[in-house]
Each structure stands twice: as structure tokens, then as C-alpha cells.
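Read through the structure below, which is laid out as C-alpha cells, and then see the notes.
The values are calculated or read from the model by the stated rules, or taken from the named source; none is laboratory data. Just so you know, these numbers come straight off a predicted model, no measurement behind them. So basically every Cβ, Gly included, is an ideal-geometry build from the backbone, and we count neighbours across all protein chains shown.
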């Protein structure tokens, strides 16, 4: 469950990490991979404020999507607990465990990692 | 050798009264008429969203049979936004290998018969379901953050990036197959409602329906419109987050590099590229080395790539921005448009005396890229 604990793979051949864990290293193709836990704090390289959201997320619009640099790996994830207009490039963010989607009243609730600013401005 | 001997286009629009099969039929019959042939031995169908929206599987055989081609060989190609060019590559391989001598390629998709929130959900499936699309990226979340990164890294302002949609709208005015045939100013782009900030509604393609078809033959004909010299492709990273430099579309750089290696003398007078968003078009110009890295937006603002401007003419059709982007059909539109230019028959903005041209397709922000080189015949 890499989505719950920020588990990535580190390639034993080229040494590079990637997230989420794939079947082979996206950089060198090696299948010799080992698990590592990513740092929970990183910074925003870039972000977008998304208004074109699917029906399930209509009440959450707009949603902030960030490209987050965790040092050994980068990922795209939602940025929460902040007003969209207050987000800035280079903001420090930390991983938090949040609900991703809800399938009606009786369906699955999917959880995963999102990021929030470390300090409020 | 593969030659285009006929093309057929349906104008991109909201065709509420027409089904996927009807649109495919209209484009196909127009292509067969223009090729002056009645029979084919293979049909290749390119479609992407229609599998989710119609819904219909094995679309190629249903389309073939509904057109009266029961008994023909058929195959469907789904490669997301690049489906159209992937289908053209398939058709070229079929005639090159001798497995077929005359292939009908038809691309078709419908976006307007569904509520927009559903289309946004379906379009997010073009991105990696295990990473980016796990979150609410909507229609343009990834493109939006790349545009902001471009502005930050290269110190380009939002206004400079608004010249691309203005150029596309200006080009589309004369194209009878374009969905948005009106001019806009760069200022209008900035004032439009946000889609995925800093992208606005006028940085994205309109949600329209369309179908395009071409007839591809293995034998030279005196009246052929163009030769498909080569089609190349490459896969890329699943997410821009994996790339050391997200502002490079590496899959397109690799595909184009392969194409250049395979073609002896390349004349690029016209390009139809995949500007799903303003930033995608800009990054593609740089991947094709038509502009230095970080300089493409400025070059467009300066008037390059327009008729009479520096460089090849890019997207005289109006591009995805203004011609429209019926997802799986788009690559077939592009190849048909380049063939029409090379034959001197494009009904919109003409690139006079064009000898060669490129069609470029990219899925998402580069999960895969395809590029075709066509040259004039005779």
C-alpha cells in the first residue's frame, strides 16, 4: 500500500528512486528494486488550480494539484488545507493522510497521501 | 511505399444528431469518393473516448459492417490522444508489408453528447491511473502546472503565452472544418474563465465531435495527394513527475530523432502539431527544435510559424485549439490536412508550394508521441 505510507522503489542497478513503485525502473529498466520510504516533507515545484473537476468532486472545486519535490523523488499530488490563492512555488509541504474519493453512500472510500503547507503564511 | 489517395473530413462541431457510426460513415465515404475507389481490403479505426461513451467495443468491425463493408479485414487502434497517428502508422505498415493494398483509416470520437463533468473524468484517463490521475487533475491540471513551471523557469509572462491561441483562432477562420472560426486577441485569452490556472478556457481545445478518413494505398498513383514517407513513435514517462526536466517532451524528441534518421532529405514547410493546451503546443515546437528551449512562446508572439512568418507554417488548420480535438480522430485530421496542403487543395489557409510536412500527436503530456513525415508527389 504505497499510497498510505509514501513507499517508493529504489533501483539497485542505477540507484534512482521512483514513485509510485513500478514493475521496472523507469530510468534504466532494471527489475532489481527495493522499497524505501520517502521523506514526508518537500517543496512545491509548480502547481495548478483545477476548476474542471468530475462530478464526484464538484463541491471541492477548485482543487490544487502540485508537483512536489521530495528530494529523492518527485510526485504529483493534491495540495490541501490552504486557500488556492495562497499557494506559491517553493512552499514547503508535508504529507498528510486524506480521503481521495467516495463512491456514493455505500461504495468504496479511497484514502491516500496529500500535502499541506508546513507553515501557514 | 504508402500513398494517400483520398481524404474525407467532417467539420468538428457538436453533432448532436449524429452517432459515432454516422460520423465515421460520412468521413469514410468522402475519402473513398475523393480517392475514386469503391473497395478497400482493410479498415483501421482510431477512436478513444467512444469506448467509454457510446459504449461500444470492437468498434472497427461494427463501423465496417455498418458501412456495407462486411467481410473486410478490420482492426481498431486506441492510443489515447495519439490514436489517429497510431492508426496511420498501422495502415502504412499494412501496405508496406503487402498485407493490404488499399486501407481506409477512419478516426472518430464524440465529446459533446455527454455532460462536461463526465468528459473531464474520461479525459483524465489519458493520464496515468496509478499516479497523476489518482488525484483530481480534471481536464488540464498537469498542463496547468507545466505552464506555470515554464513561466517560472524561463521567465516568460502569461501574456506572451496567449499569442498561441490567438494565432490558432486566426488560422481557423478560413478552415471550413474548424469548430471555432472566429478571431480572439491575447487579452481575451487572459480574461477567459480559468480551467486549470494559469490555463484559461481559451488555452484548451473545445469539446466537439468529429471524424476524419484517409485512403492509403501501397502502389503509386499519378493522382496521389501525398506520400507517407515515415511514421515514428516513442513511449515516454508515465508521469511528468518522473522526468528530470518536465518541460521536455522526451517521447517526442526520441520519435522525431528516429524520423530524422530514417528520412534522407526532409523539407518541412508545414506542421500540424498537437496543441491540446497552449503549453503542449509550445513544448512541442521546442521538442521539434523549431525554437530554442524556453523561446517558443516568444517566437510565436513575434509572428513566427504564421503564413509569411519565420519557420514552417504551424497549424494552418487552427490546431486542436480551434479546429478542434475529437480525441481519437485528431491524428487522422492532421495527416489529412498535411496531405491536402501538399496537394495544394487545403480549403483554408494554404501553404503555397509546400513540399513536405509533419503531423505530430502526443498523448497526455508525453506518455507516447507519434510523428509522421509526408511529402508531395510529383
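Counting only strands (runs of 3 or more DSSP E) that sit wholly inside region A:1-84, those with at least 1 residues that are surrounded by 22 or more Cβ atoms within 10 Å (Cβ to Cβ) are A:7-11, A:41-50, A:63-69, A:74-79. Considering only residues in region B:65-84 that are under 23 Å from the mean Cα position of the chain (by Cα) and not in a loop (DSSP other than H, G, I, E, B), the one that is farthest from residue B:369 (Cα to Cα) turns out to be B:74. Scanning region A:3-21 for residues that are within 14 Å of chain B (Cβ to nearest Cβ), in contact with a strand residue (DSSP E or B) (Cβ under 8 Å, 6 or more places away or on another chain) and without any contact (Cβ under 8 Å) to a residue 60 or more places away in the chain returns A:7, A:9, A:11, A:16, A:17, A:18, A:19, A:20, A:21. Every condition in (1) touching a residue at least 12 places away in the same chain (Cβ under 8 Å); (2) closer than 18 Å to residue B:131 by Cα holds for residue A:24 except the one numbered (1). Listed by position, the strands (runs of 3 or more DSSP E) contained in region B:173-281 that have at least 1 residues being out of contact with any helix residue (DSSP H, G or I) (no Cβ under 7 Å at 6 or more places or on another chain) and over 20 Å from residue B:298 (Cα atoms) are B:194-197, B:226-235. Assessment of region B:115-133 against the conditions (touching a strand residue (DSSP E or B) at 6+ places or on another chain (Cβ under 7 Å), surrounded by 23 or more Cβ atoms within 10 Å (Cβ to Cβ), in contact (Cβ under 8 Å) with a residue 60 or more places away in the chain and over 30 Å from residue A:79 (Cα atoms)) yields no matching residue.
The residue that is modelled with the highest pLDDT, counting only those in region A:81-100 that are within 13 Å of chain B (Cβ to nearest Cβ) and within 22 Å of residue A:8 (Cα to Cα), is A:98. Among the candidates B:198, B:193, which residue alone is within 30 Å of residue B:18 (Cβ to Cβ), over 20 Å from the mean Cα position of the chain (by Cα) and at pLDDT 95 or above? Going through B:198, B:193 in turn, the sole match is B:193. Selection of region B:71-114 for residues being surrounded by fewer than 20 Cβ atoms within 10 Å (Cβ to Cβ), touching a residue at least 40 places away in the same chain (Cβ under 8 Å) and touching a strand residue (DSSP E or B) at 6+ places or on another chain (Cβ under 9 Å) yields B:78, B:96, B:99, B:101, B:112, B:113.
Here's the yes/no breakdown for (1) closer than 27 Å to residue B:337 by Cβ; (2) facing chain A (nearest Cβ under 9 Å):
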position: B:111; (1), (2): yes, no
position: B:136; (1), (2): no, yes
position: B:155; (1), (2): no, no
position: B:161; (1), (2): yes, no
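With respect to the conditions (1) under 22 Å from residue A:58 (Cα atoms); (2) modelled with pLDDT of 90 or more; (3) away from chain A (no Cβ under 11 Å), residue B:84 lacks only one, and its number is (1). Just a yes or no: is a residue in region B:307-314 surrounded by 21 or more Cβ atoms within 10 Å (Cβ to Cβ), within 15 Å of the chain's Cα centre (by Cα), in a helix (DSSP H, G or I) and touching a residue at least 40 places away in the same chain (Cβ under 8 Å)? No, region B:307-314 contains no residue that is surrounded by 21 or more Cβ atoms within 10 Å (Cβ to Cβ), within 15 Å of the chain's Cα centre (by Cα), in a helix (DSSP H, G or I) and touching a residue at least 40 places away in the same chain (Cβ under 8 Å). For region A:54-65, the candidate set comprises residues that are in contact with a strand residue (DSSP E or B) (Cβ under 7 Å, 6 or more places away or on another chain) and within 7 Å of another protein chain (Cβ to nearest Cβ); within that set, the residue that is modelled with the highest pLDDT is A:65.
Residues that are at negative phi and outside any helix (DSSP H, G or I) within region B:142-162 comprise B:156, B:157, B:158, B:159, listed in sequence order.
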